[in-house]
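The block underneath contains the structure these notes are about, expressed in structure tokens.
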Amino acid sequence: MLPDHYVLEHRPGHWAIALSEEEEAVRAALLEEKGCELLPDVGRAAVSSFSLATGEGIRRSYRRGGFMGKVLHDQFFGNRMRREFEVSLAYYQVGGAIPEPLGVCWRREWGIYRGAYA
């Protein structure tokens, strides 16, 4: 169940969850990469930063590594993006030493998921 201070947006084939107090900036970064500045040499995924009213956010696109990365690139057969968001949110809520998750987005086509996390 999604906490009250997050907003779920659904468009045909696309979903986004964003922290309500930063909803506009988070959705723009996740769905359109608007306001994102690429951070070079940060892991295998495309990682970028974007401005928030209260500071700065980080956006990470999901990509596979290893052999599967050469074949499937950014494609997943399950909704890894949503699961990772839920686990991170639960850990944050019990006082884990992580920043509050800002949001997640994913799209689904023919059972294949692609997405990003903030």
Evaluated at 20 °C and 1.002 mPa s, the Stokes-Einstein D of segment 1-61 based on the Kirkwood radius over Cα pairs, in µm²/s, stands at 173
Length released on extending from TYR92 to GLU37, taking residue separation times 0.36 nm less the Cα-Cα span
17.2 nm
Starting from the amide H of LEU52, placed 1.01 Å from N in the peptide plane, find each other amide H under 5 Å away whose residue is 5 or more places distant or on another chain.
GLY57
Determine the sum of side-chain charges near HIS14: Lys and Arg each +1, Asp and Glu each -1, restricted to other residues whose C-beta is under 13 angstrom from that of HIS14.
+3
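Each reported figure results from applying straightforward, stated rules to the coordinates on display, with no laboratory input. Predicted model, so just to flag it, every value in this text is computed and none were measured. In this analysis, Cβ positions are derived from the backbone assuming ideal geometry, glycine residues included, and neighbour counts consider all displayed protein chains.
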